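Engineer: Please find one structure pasted underneath; my questions will follow.
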Amino acid sequence: SIASADMDLNQLEAFLTAQTKKQGGITADQAAVIAKFWKNHRTKIHESLINQSRWDNVLKNMNWRVDLKSQSRHIDQINTPVAIVEMEFGKNGQ
């Protein structure tokens, strides 16, 4: 819960306090250890979760444009927008 919410120190303190008051929850000593661990490793844990949730491929480049028809046999087809999107994918870290 702490990692998925990427809790700041105030949120962490409130969460751990609630856990110590909960029936069958954690002790105050356990809460202190968890708080110290989170303060020291928050950035590493957050980056690890982001890396685990990524696909192998990443978006390298993207081009797009919107075209409008200026001539047509049928008048209702004039000014009909068409979006053209070109995406280039590559392996993460390459």
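The values are calculated or read from the model by the stated rules, or taken from the named source; none is laboratory data. What you are looking at is a predicted structure, and each value in this text was computed from that prediction instead of being measured. As a convention, Cβ positions derive from the backbone with ideal geometry for all residues, glycine included, and neighbour counts pool all protein chains shown. Surface areas here come from the heavy atoms of the whole protein model, side chains and all, with no ligands, DNA or RNA. Shrake-Rupley method; radii C 1.70, N 1.55, O 1.52, S 1.80 Å.
Engineer: Taking N as the number of residues in the chain, what is its Cα Rg relative to 2.2 N^0.38 Å? Before the final figure, lay out the partial values.
Structural biologist: Working: Rg = 25.6 Å, N = 94, 2.2 N^0.38 = 12.4 Å.
Normalised by 2.2 N^0.38 Å, the Cα Rg of the chain equals 2.07.
Engineer: Solvent-accessible area per residue for the chain at a 1.4 Å probe radius, Å²? Before the final figure, lay out each step's value.
Structural biologist: On the way: 8070 Å² over 94 residues.
About 86 Å² of surface per residue is accessible.
Engineer: Let me ask something else. Are there any trypsin sites (Lys or Arg not before Pro) in region 1-41 that are in a DSSP loop and have at most 14 other Cβ atoms within 10 Å? List them by number. Write out the running numbers ahead of the final one.
Structural biologist: On the way: sites: LYS21, LYS22, LYS36, LYS39; in loops: LYS22.
Taking region 1-41 and a limit of 14 other Cβ atoms within 10 Å, the loop trypsin sites (Lys or Arg not before Pro) found are LYS22.
Engineer: Taking every pair of distinct Cα atoms and averaging 1/r, then inverting, what Kirkwood hydrodynamic radius in Å comes out for region 9-53?
Structural biologist: On the way: mean 1/r = 0.0875 Å⁻¹.
11.4 Å is the Kirkwood radius here.
Engineer: Which net charge results for the neighbourhood of VAL58, defined as the other residues with beta-carbon distances under 13 angstrom from its beta-carbon, given Lys and Arg at +1 and Asp and Glu at -1?
Structural biologist: Numbers: positive: ARG54, LYS60, LYS91; negative: ASP56, GLU88.
Overall, the nearby charge balance is +1.
Engineer: Oh, and also: Percent relative contact order of the chain, based on C-alpha pairs within less than 8 angstrom and at least six residues apart? Provide the component values of the computation, followed by the final result.
Structural biologist: Working: 75 pairs, mean separation 21.3, N = 94.
Once divided by the residue count of the chain, the mean separation gives 23 percent.
Engineer: Next up: Using θ = phi - 60° and the Karplus relation 6.51 cos²θ - 1.76 cosθ + 1.60, list the HN-Hα couplings for region 2-17 in order, rounded to whole Hz, with x at every Gly or Pro.
Structural biologist: 5, 5, 5, 8, 6, 5, 7, 5, 5, 5, 4, 4, 5, 5, 5, 4
Engineer: Fully extended, how many nm does the chain gain between ALA18 and ALA32 (0.36 nm per residue separation, minus their Cα-Cα distance)? Before the final figure, lay out the partial values.
Structural biologist: On the way: separation 14, 0.36 × 14 = 5.04 nm, distance 1.31 nm.
Taking 0.36 nm per residue and subtracting the Cα distance, the gain is 3.7 nm.
Engineer: Right, next: Lysine pairs in region 1-80 with Cα distance under 27 Å, only those 8 or more apart or on different chains: how many are there?
Structural biologist: Details: LYS21/LYS36; LYS21/LYS39; LYS22/LYS36; LYS22/LYS39; LYS36/LYS44; LYS44/LYS60.
For region 1-80, the number of qualifying lysine pairs is 6.
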